[in-house]
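The values are calculated or read from the model by the stated rules, or taken from the named source; none is laboratory data. None of these values were measured; they are calculated from a predicted model. Methodologically, a virtual Cβ is constructed for each residue, glycine included, from the backbone with ideal geometry; neighbour enumeration extends over all protein chains shown.
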Amino acid sequence: MKQFVLTGAANNLYLTNKIIVPQIKELTLPSRIESVDEAAQTAETFARDHGMDAEAISAIDLAIRESVANAVKHGNKFDLEKNVEVVLKSTADFFEILVRDFGTGFRVDDIPDPTDADHLLRPTGRGLLFIRAFMDEVEWFNHDDGGTVVRMKKNESRH
């Protein structure tokens, strides 16, 4: 009879190195630039605890830093009356991040292309490009109750 060993990492059950039940971590952060570090540190720990490899953790770190910074600065405009909501989700097949602000929303197609000749020398404006480059799936949408949500997904990359 073949036996499987269940092990725990941060209260998660694994069967043959696969997460049996998706694990979720939620954060509500104030619209301060310091929230970027808090979100990144939490995501790094959560990803590591769920077996993501170093390369995936680096990609997740960059993506969450850019998206939370954008939510604080561009979405909520540093308004301390508005929060940034972050949801981290780990499954057997992927790691997902949702970041929501409570601003007026935007259309991603209206953001200038940072690789366009007119924008190459600008010191800012590459965050969305970086997020797309480092994550496997990315989408932005306006929330029905206001604000913008960015959904980022990193496919399984575990050690």
Take the residues in the range 24-48 that are outside any helix (DSSP H, G or I) and in contact with a helix residue (DSSP H, G or I) (Cβ under 9 Å, 6 or more places away or on another chain), then tell me which one is surrounded by the fewest Cβ atoms within 10 Å (Cβ to Cβ).
Ile33
Options Lys82, Lys25, Lys77: the member that is at pLDDT 95 or above, closer than 18 Å to Arg151 by Cβ, among the basic types (Lys, Arg) and touching a Ser or Thr at 6+ places or on another chain (Cβ under 8 Å)
Lys25
Qualifying positions in the range 75-87 - touching a helix residue (DSSP H, G or I) at 6+ places or on another chain (Cβ under 7 Å) and crowded, with 23+ Cβ neighbours inside 10 Å
Val84, Val86
Checking Ile57 against (1) at pLDDT below 95; (2) under 16 Å from the mean Cα position of the chain (by Cα), only one condition comes out false. Which one?
(1)
Any residue in the range 37-61 that's closer than 21 Å to Leu128 by Cβ and in contact (Cβ under 8 Å) with a residue 12 or more places away in the chain: show its pairings with residues that are among the β-branched types (Val, Ile, Thr) and outside any helix (DSSP H, G or I) at Cβ separation under 8 Å, as long as the two are six or more apart or on different chains.
Ala39/Val84; Ala39/Val86; Ala39/Val99; Ala43/Val86; Ala43/Ile97; Ile60/Ile97
Under 8 Å between Cβ atoms, which residue pairs at least 6 apart in sequence (or on different chains) link something in the range 120-136 that is more than 10 Å from Ala63 (Cα to Cα) and part of a loop (DSSP other than H, G, I, E, B) with a partner that is at pLDDT below 65 and not hydrophobic (A, V, I, L, M, F, W, C)?
Leu120/Pro114; Arg122/Pro114; Gly125/Pro112; Gly125/Pro114; Gly125/His119; Arg126/Pro114
Go through the range 43-71 and give me each residue that's hydroxyl-bearing (Ser, Thr, Tyr) and in contact with a strand residue (DSSP E or B) (Cβ under 6 Å, 6 or more places away or on another chain).
Ser67
Of the residues that make up the range 121-131, is at least one modelled with pLDDT of 95 or more, out of contact with any Gly (no Cβ under 7 Å at 6 or more places or on another chain), among the hydrophobic types (A, V, I, L, M, F, W, C) and closer than 18 Å to Val36 by Cα?
no
